[in-house]
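Asker: This is the structure, below, for whatever I ask next.
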Amino acid sequence: MITTDTVMTNGNVLIRIVGIIALSVSAILVSRLIMKRLLWPRVRKTGTELDDRLLHLFESFLLITIILLGTQAMIRLLEEYIGIYEGFTDDIFFLIYWTIGIFISFRIISIVSNWYLSKVPLRGRGTIDKRLIYSIRNILMVTVSFFALLVLLDYFEITGTTLTAMLAALGIGGIIVGLAAQNTISNIITGVVLLIDRPFRIGDRIRIEQLDTWGDVIEIGWRSTRILTRDNRLVVIPNSIIGTDMITNYSIPEKMFRVESDVVVSYGPDIEYIRGLILSALKKEKWIMQDKPVQALLLEFTESGVKFRVRCWIEDYVEIRISEDRLNTAIYKALINKRIAMPSSDLVVYFADHQDNRTIPRKE
């Protein structure tokens, strides 16, 4: 039998449901109006796609949240009529909000990472950039998932002895793995730092001072870096060694390189005459960048003569050894043709012959 109280109660519930629907629709309209009139015009003036995507994501999230909140409020009013136990609605909607929160976090991370990659010039957007960004993105996603799991366990009160034992086991296992793979972990961490700091890139010619190794970088991995030397040898160097050593990069900022050589001239000839001979000879060389300084500097006075340091620029560091040969050859020809003496470093030792009282010179 339907009583007056039941009718009144049903009527109140109906009125409240209508009120919730009206409030939800009003909230949607107001939020869309604010977004359209206030936020979107400001964002479009920035000229970047990042804030557009983030605002579009926020707009969708806000719309879904308003609908879910209204639906949750209506279901709460109907709980006693539907026959579900108290709190079931909150649990269901918590899982929905929890899932949406993870999805939104993942979307923000993906949007920012893709935007960063799009800002890198095509010339410099190589495997290293993608691997670095994707690795950071995956690490952030794993971190968000871990904290989301902790929130889920805390909400459903899955704590206490079981959770403590699980965390303790994970901690002990992490310590054991860390000690066993200490060198590998060090190489991996240094590899990540190299990818972020980028002291060199694939194709750069570098020199590692401590190892006295230099060549072209062909691969930068998580554990090691591979270098191809000029004599076609592949050198695999752990990243931990590279991270603690001084590295010379011949490719940055430009491929242009200065070649220099020292030459000793005997005392006697005029300094400016010698300098003029060297500079005149180098001006005829086509492999030298004539728009850059070509110098013959008086470096010091030695026991055997005057030391000059001759310097010039070449367009590509790849030609270092060949350019040094050409430079030394040009200097030698210029001085020899003018009969300019270059002192010898040979030591002459005289051995006495007691039979015929002769001395026999011998070079050592």
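The values are calculated or read from the model by the stated rules, or taken from the named source; none is laboratory data. None of the values given here were measured: they were computed from a predicted structure. Here the Cβ positions follow ideal geometry from the backbone for every residue, glycine too, while neighbour counts run over all protein chains shown. Please note that ligands, DNA and RNA were not included when accessible areas were found on the heavy atoms of the full protein model with its side chains. Shrake-Rupley method; radii C 1.70, N 1.55, O 1.52, S 1.80 Å.
Asker: Which of the lysines could a cross-linker span from LYS36 if the Cα-Cα distance has to be under 23 Å and same-chain partners fewer than 8 positions apart are dropped?
Answerer: LYS36 reaches LYS45.
Asker: In whole Hz, what ³J(HN,Hα) sequence does the stretch 306-315 give by Karplus (6.51, -1.76, 1.60; θ = phi - 60°), x for Gly and Pro?
Answerer: Rounded to whole hertz, the list is 9, 9, 10, 10, 9, 9, 8, 10, 10, 6.
Asker: Let me ask you something else. Name the long-range amide H neighbours of TRP287: under 5 Å, sequence gap of 5 or more, or other chain; modelled H, no Pro or chain starts.
Answerer: Result for TRP287 returns nothing.
Asker: How much accessible area per residue does the stretch 244-324 have, in Å², with a 1.4 Å probe?
Answerer: Values: 4850 Å² over 81 residues.
Result: 60 Å² per residue.
Asker: Residue-wise, which Karplus ³J(HN,Hα) couplings in Hz belong to the stretch 93-107, taking 6.51 cos²θ - 1.76 cosθ + 1.60, θ = phi - 60°, and x for glycine or proline?
Answerer: Each residue's phi maps through the Karplus curve to give 6, 5, 4, 5, 5, 4, 5, 5, x, 5, 4, 5, 4, 5, 5 Hz.
Asker: Less than 11 Å Cβ to Cβ from GLY276, Lys/Arg counted +1 and Asp/Glu -1: what total charge do the surrounding residues give?
Answerer: That works out to +1.
Asker: Say the cut-off is 32 Å between C-alpha atoms; which of LYS255/LYS284; LYS119/LYS283; LYS119/LYS286 go over it?
Answerer: Pairs exceeding 32 Å: LYS119/LYS283; LYS119/LYS286.
Asker: Continuing with the same structure: If ligands, DNA and RNA are left out, what is the accessible area of ARG76 with a 1.4 Å probe, given in Å² to the nearest 10?
Answerer: Answer for ARG76: close to 120 Å² accessible.
Asker: Hey, what do the phi angles of the stretch 241-258 turn into as Karplus ³J(HN,Hα) couplings, whole Hz, using 6.51/-1.76/1.60 and θ = phi - 60°, x for Gly and Pro?
Answerer: Result, ordered by residue: 6, 5, x, 10, 10, 7, 10, 9, 9, 7, 9, 10, x, 9, 7, 4, 9, 9 Hz.
Asker: Give the accessible area for ASP270 in Å² (nearest 10); use a 1.4 Å probe, count only protein heavy atoms, and leave out ligands, DNA and RNA.
Answerer: 90 Å²
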